[in-house]
Protein chains: 2
Amino acid sequence: MQVPGLDETHDPKLESWVASANAPGCSFPIQNLPFGVAETGEGAARHIVVAIGDQALDLTACVDLGVFDDLMGGAARVVLTAGTLNGLMARPPADWQALRLWLSQALRKGSALQGQLEACLLPQDGLRMVVPAKIGDYTDFYCSVEHATNIGKIFRPDNPLFPNFKSLPIGYHGRASSIVVSGTDVHRPSGQLRQQDGVVFAPCRMLDFELELGAFIGGPTNKGGPMPLAAARERLFGFCLVNDWSARDIQAWEYQPLGPFLAKSFATSISPWVVTRAALAPFQVPARAREAGDPALLDYLADSDDAAAGALDIRLQVGLRGKAMEAGEGAPHVIAETNSAGLYWTFAQMVTHHMSNGCPLVAGDMIASGTISGEAEGSQGSMMELTRRGAEPLALGEGETRGFLHDYDEVVFAGQCERDGFRSIGFGECRGMVLPAVQE
Amino acid sequence: MQVPGLDETHDPKLESWVASANAPGCSFPIQNLPFGVAETGEGAARHIVVAIGDQALDLTACVDLGVFDDLMGGAARVVLTAGTLNGLMARPPADWQALRLWLSQALRKGSALQGQLEACLLPQDGLRMVVPAKIGDYTDFYCSVEHATNIGKIFRPDNPLFPNFKSLPIGYHGRASSIVVSGTDVHRPSGQLRQQDGVVFAPCRMLDFELELGAFIGGPTNKGGPMPLAAARERLFGFCLVNDWSARDIQAWEYQPLGPFLAKSFATSISPWVVTRAALAPFQVPARAREAGDPALLDYLADSDDAAAGALDIRLQVGLRGKAMEAGEGAPHVIAETNSAGLYWTFAQMVTHHMSNGCPLVAGDMIASGTISGEAEGSQGSMMELTRRGAEPLALGEGETRGFLHDYDEVVFAGQCERDGFRSIGFGECRGMVLPAVQE
């Protein structure tokens, strides 16, 4: 099932002729090779790029060098000049692997292609990254049992977790049109708020972030009925960081009985680099063990590969920087740290459940994990949890406190994978600043 | 705000040189002129077509005649050869009106273009219609107070209607990828079902339809904050019939707390013809009056135009034909009749509410009304309501009864507008047959 040579792309001894990629702590060493799309050159054409150190290799420009003529049976020329990752994502996983292997070899120290490829390097600093795929549908799951329990406790202290939570990965459809790339400012939404003296239409007063992990779907669209978990897993092209901004007061009033709607659909921010499933292979860990008393897994949600290595060990961090703090400069104040390994459901389980009714999943679709929270103090992925719905504001230093987000607050997510014997790889950042509500 | 001459397109005395369009009871007289997309000719190229009588005028083929060279400042040539309606929908409403006026004049008896256009007529009978637009996002609302009350009574007899129902149009995001065109077979979905002795994964046993009206969004994408109701109304390009197939047993187990997901995302069928807002102008009626005790409308949901003529008087009908009935031939058994004029919220209110948080609505997006039910016996738009959750099965004749849908049942929706002094116009049909569940 795997292209020969793919394992060596994880070798920690590999170094790139792009010197910055070899620096300790670099998010994008040659073992990572995440894909993105940047507007570049005259007319802001959209090019497919790969992050390497502090540079990006312009794959669309590389096509003209003829280096991809033999890759993917000739299809590489087409998919790498399409301006989005959808075409690449739609190829079979063997083609993704072949491209990864080519990149790993071409960017290695000593590669005969160095001279040619140097002309296609762009500094990441100057790139305008965009949402990397045309996202047809966006599905948001709810896979952290700690998050579901924390939120449930606020609204239903006696019965925080719904009985279906441990039987299926709960999910709902999100809004694809409001997905924006990291760095895009986000206006505080207005909406209906229920107050003691009635309902008003006003700017949201309980604006929150949600720390999530997203996955892009790849491969051919499924047709018909259920698909085994092992095949569903092959639909996972790669991952990014997701901030599913949430207006808690709008949500509280609108969400019954059909779920969140305008409380979420004003903006969802994603990090620009898609870290492939192949790059994350060394950081797969056993799926969270089910506890005594949990219902047995139904067959379609179970296989031994998933139990053995279905979870992703990714350290995730939330930073917050207020307008008054250091004049908007400097590192944000870290307010939460957690890890995606603790999710109750794996991404393969999300995918197979999603397709279990025959729902077509199309290359470029995005699914997200739902807010990722841990048990420890400070490991929760939303202000709602960190501050107990604003009742216990966070101290940010320099006298600043936050119950929910203020205008001009900047929220910055980061993700990093580490394991002994492997190079660390990173996701880069997912950042967004809150701007005041738009006035009519 | 309106192109001169548009009103005359409603004149009941207008007749077409396409004789079948002038027959009494024809759904597609020259006063209608709905748009669709058909696969036609060699290579099944997608052409934009307009229904006229039992024929369709192939607008994509007409482009080669040069007849559109001056329309929309030259843009008509581009949008009418795009293979989807998205480009046309994205034009400003004045361009939609100009095209309607051109079509009305060109298809009238005595038109000098008759000789040229006859070569571009295709019999509807032989057309393979497709989903007429690339639907980026699909939103389903919940606008019938009768439906919400009926469903609520089944689950919460003491408190059937949530307190937010009369304050805002409740909606949720649906699944765009599972929207199919009328005539597409629909497999019974499988999913998790909670039974007395535990949860199983099995084919749905409570398969239902939902009778809805859909609207396609047009015009330029909104940016930023709220938009006045009058401007939001201009985003409505046209309407179609929608069957939002629903698996009630899957829904009952999965829907808390985030709303319907796999219970709906296996298929949503739409009728192929988009009846424009302009064509429906004569059938606009006053919006449903709010009752004593209802909360006051918030400003952003209110204007006098909407109160005076915000509702659509469309007679809707549900037919059901079982496999054993007449060997699948003949007219389906009519099991429900209702009217969209009774919806509690208007489409303009749905749109302005949807954009009130800044959510981008893009040309080609679809919104739907939610199940349309009336108060009278037999006016409910779902089996769930018509049979009280299967407890009171319907008699279909010839000894057949139905609690929920059986395999090989065919569900057929029809819609028709009638008003004294105007030609009746129709929506055509939205039909789909239930096939057995796909086995793994």
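The values are calculated or read from the model by the stated rules, or taken from the named source; none is laboratory data. From a predicted model like this one, the values you see are computed outputs, not experimental measurements. Cβ: placed from backbone, ideal geometry, glycine included. Neighbour counts: every protein chain shown.
Might you let me know whether the range B:283-305 holds any residue that is among the basic types (Lys, Arg) and more than 27 Å from B:Leu161 (Cβ to Cβ)? No, the conditions are met nowhere in the range B:283-305.
Please tell me if B:Asp197 is farther than 19 Å from B:Gln256 by Cα, exposed (fewer than 15 other Cβ atoms within 10 Å of the Cβ) and either among the aliphatic types (A, V, I, L, M) or away from every other protein chain (no Cβ under 11 Å) (or both). Spelling it out, B:Asp197 is indeed farther than 19 Å from B:Gln256 by Cα, exposed (fewer than 15 other Cβ atoms within 10 Å of the Cβ) and either among the aliphatic types (A, V, I, L, M) or away from every other protein chain (no Cβ under 11 Å) (or both).
Picking from residues in the range A:229-262 that are among the basic types (Lys, Arg) and within 14 Å of another protein chain (Cβ to nearest Cβ), the one that is nearest to A:Asp407 (Cα to Cα) is A:Arg248. Restricting to the range B:391-404, name every residue that is at pLDDT 95 or above, surrounded by fewer than 22 Cβ atoms within 10 Å (Cβ to Cβ) and under 26 Å from the mean Cα position of the chain (by Cα). If the condition is that a residue be at pLDDT 95 or above, surrounded by fewer than 22 Cβ atoms within 10 Å (Cβ to Cβ) and under 26 Å from the mean Cα position of the chain (by Cα), then B:Leu394, B:Arg402, B:Gly403 are the ones that fit. Applying a threshold of 8 Å to beta carbon distances and a minimum spacing of six or more residues, or different chains, the list of pairs starting in the range A:151-178 at a residue that is surrounded by fewer than 23 Cβ atoms within 10 Å (Cβ to Cβ) and aromatic (Phe, Trp, Tyr) and ending at one that is modelled with pLDDT under 95 and in a loop (DSSP other than H, G, I, E, B) reads A:Phe162/B:Gln256; A:Phe162/B:Pro257.
Within the range A:137-190, the residues that satisfy the criterion of being acidic (Asp, Glu) and closer than 20 Å to A:His354 by Cα are A:Asp137, A:Asp140.
Scanning the range A:350-360 for residues that are part of a helix (DSSP H, G or I) and either within 11 Å of chain B (Cβ to nearest Cβ) or more than 22 Å from A:Ser379 (Cβ to Cβ) (or both) turns up A:Val351, A:Thr352, A:His353, A:His354, A:Met355.
This table checks each residue for (1) away from chain A (no Cβ under 14 Å); (2) surrounded by fewer than 23 Cβ atoms within 10 Å (Cβ to Cβ); (3) farther than 23 Å from B:Arg233 by Cα; (4) of a type in the set (S, T, N, Q).
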| site | (1), (2), (3), (4) |
| --- | --- |
| B:Phe347 | yes, no, no, no |
| B:Gly364 | no, no, no, no |
| B:Gln380 | yes, no, yes, yes |
| B:Cys417 | yes, no, no, no |
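The condition of being at positive phi and away from every other protein chain (no Cβ under 14 Å) holds for A:Gly390. Take the residues of the range B:333-345 that are of a type in the set (Gly, Ala, Ser) and crowded, with 24+ Cβ neighbours inside 10 Å: which is farthest from the other protein chains (Cβ to nearest Cβ)? Taking the candidates together, the pick is B:Ala336. For the range B:106-165, filtered to residues that are among the small types (Gly, Ala, Ser) and at pLDDT below 95, the residue that is nearest to the chain's Cα centre (by Cα) is B:Gly126. Would it be correct to say that A:Met89 is under 30 Å from A:Met366 (Cα atoms), touching a Phe, Trp or Tyr at 6+ places or on another chain (Cβ under 7 Å), in a helix (DSSP H, G or I) and not assigned by TED's automatic domain parsing to the domain that holds A:Val362? So A:Met89 passes the test.
In the range B:250-267, of all residues being at pLDDT 95 or above and among the polar types (S, T, N, Q), the one that is nearest to the chain's Cα centre (by Cα) corresponds to B:Ser265. Pairs linking a residue in the range A:40-55 that is within 21 Å of A:Val79 (Cβ to Cβ) to a residue that is among the acidic types (Asp, Glu) and at pLDDT 95 or above, with Cβ atoms under 6 Å and 6 or more positions apart or on different chains, are A:Arg46/A:Glu39; A:His47/A:Asp58; A:Val49/A:Asp58. Quick check on the range B:188-227: of everything there that is hydrophobic (A, V, I, L, M, F, W, C) and not in a strand (DSSP E or B), which residue is nearest to A:Tyr300 (Cα to Cα)? Out of the qualifying residues, it is B:Cys204. Quick check: is even one residue across the range B:294-316 within 30 Å of A:Gly225 (Cβ to Cβ), in a strand (DSSP E or B), at pLDDT 95 or above and away from every other protein chain (no Cβ under 14 Å)? Checked against the condition, which is being within 30 Å of A:Gly225 (Cβ to Cβ), in a strand (DSSP E or B), at pLDDT 95 or above and away from every other protein chain (no Cβ under 14 Å), the range B:294-316 yields no hits at all. Scanning the range B:263-292 for residues that are within 14 Å of chain A (Cβ to nearest Cβ) and part of a loop (DSSP other than H, G, I, E, B) gives B:Ala263, B:Lys264, B:Ser265, B:Phe266, B:Ala267. Being of a type outside the set (D, E, K, R) and free of Cβ contacts under 8 Å to residues at least 60 places away in the same chain is the requirement here; does B:Gly238 meet it? Answer is no for this residue.
The residue list B:Asn357, B:Asn339 contains one member that is under 18 Å from A:Leu262 (Cβ atoms) and either of a type in the set (S, T, N, Q) or more than 21 Å from the chain's Cα centre (by Cα) (or both), which is B:Asn357. Could we say that A:Ala94 is part of a helix (DSSP H, G or I), touching a residue at least 60 places away in the same chain (Cβ under 8 Å) and not assigned by TED's automatic domain parsing to the domain that holds A:Pro260 here? For A:Ala94, the condition - part of a helix (DSSP H, G or I), touching a residue at least 60 places away in the same chain (Cβ under 8 Å) and not assigned by TED's automatic domain parsing to the domain that holds A:Pro260 - is met. Every condition in (1) out of contact with any Lys or Arg (no Cβ under 8 Å at 6 or more places or on another chain); (2) of a type in the set (D, E, K, R); (3) buried (at least 17 other Cβ atoms within 10 Å of the Cβ); (4) under 27 Å from B:Ala202 (Cβ atoms) holds for A:Asp306 except the one numbered (1).
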